Amino acid sequence: MYALAFTTVRYNIAFYAIVTLVVVMLEMLMSAAGVVTLVFMGLTMLYTHRMIQLNEIYGWTDPMSTTGRDGSKIPLFGYVLRFCAYFVALMLILAGAFMALEATGVLNPDAFLSEIEYGMWGMLVGVPVFACALAIVGTVLPACAERADTSLKTAFLRGRKTFGRTVLNLIAGPLVVAFVGFFCLGQIGWLLGGFDNIIGRSLFRIAATILAILPAMLTATALSMAYLKAEKGR
């Protein structure tokens, strides 16, 4: 998976560089920074699917083209809508899990070191929910990227064929990178703490953006691999 991801980035470095630059600029100008990052994570996944599945290359002349190689329109709105729906559904599942843990007394928000407990339970619950949910029906996203069958029934049939491998790819890819990135981001923030100026804030924002876009790109790679294996026998 990492080899495929590296090759994809190498041939489409213009796209990923422009996405990073745009997100950094918008987040420094707007207050709704989280929304900007979420939307561009979805766009990163959409274009990554097309790079892998349709062998499209986005160069410096048109790094975010809205038209595919065959002349068809790229389904920007439909994909981002489905991506956001997945994100909201995962957040609701996690919220429900935390409410259940609090109701049963496993978690107490007023307890000593409650932040650490919530963080640990967040990983214990969040990792399997993220990996299993996407492995089961996540191929709706790569299917949407190339305007194929996006029904949940078909996605489930695909997921059943590739479940184990996809779960492993999602854990070893985006989840590991996200955890390592979170730690590195904390260290970067500490190192730049004394540079409370535009340069320090810009460097921190660039690092944060890269560490948000990279897991999204790896997630798309894992889902595209599952989609191609299930649909096209690759």
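Within the chain, the percentage of alpha carbon pairs spaced more than 22 angstrom apart rounds to 56%.
Think of it as helices only: each DSSP H run of n ≥ 4 in the chain is worth -39500 (n - 2.57), and spread over all residues that comes to -26000 deg cm²/dmol at 222 nm. Please report, to two decimal places, log10 I(q)/I(0) for the stretch 10-51 at q = 0.13, 0.15, 0.23 Å⁻¹ as given by the Debye formula with identical point scatterers on the Cα atoms and no solvent. At q = 0.13, 0.15, 0.23 Å⁻¹ the computed log10 ratios are -0.28, -0.36, -0.75. Over the chain, accessible surface divided per residue gives 54 Å², non-protein components excluded, 1.4 Å probe.
Mind checking the full-extension length gain between PHE6 and MET25? Use 0.36 nm per residue of separation minus the Cα-Cα distance, one decimal, nm.
Values: separation 19, 0.36 × 19 = 6.84 nm, distance 2.53 nm.
Taking PHE6 through MET25 to full extension adds about 4.3 nm, to one decimal.
Quick one: in the stretch 127-172, what % of C-alpha pairs are over 14 Å apart?
Numbers: 448 of 1035 pairs.
I get 43 percent for the Cα pairs in the stretch 127-172 exceeding 14 Å.
Protein heavy-atom surface of the stretch 1-233, 1.4 angstrom probe: 72% of the accessible area is carbon and sulfur, with nucleic acids and ligands not counted. Report, ordered by chain and residue number, the lysines lying within cross-link reach of LYS153, taken as a straight Cα distance under 20 Å and ignoring same-chain residues fewer than 8 apart. Partners within reach: LYS161, LYS229, LYS232.
The values are calculated or read from the model by the stated rules, or taken from the named source; none is laboratory data. Because the structure is predicted, anything quoted here is derived from the model rather than measured. Keep in mind that these areas ignore ligands, DNA and RNA; they rest on the heavy atoms of the full protein, side chains included. Shrake-Rupley method; radii C 1.70, N 1.55, O 1.52, S 1.80 Å.
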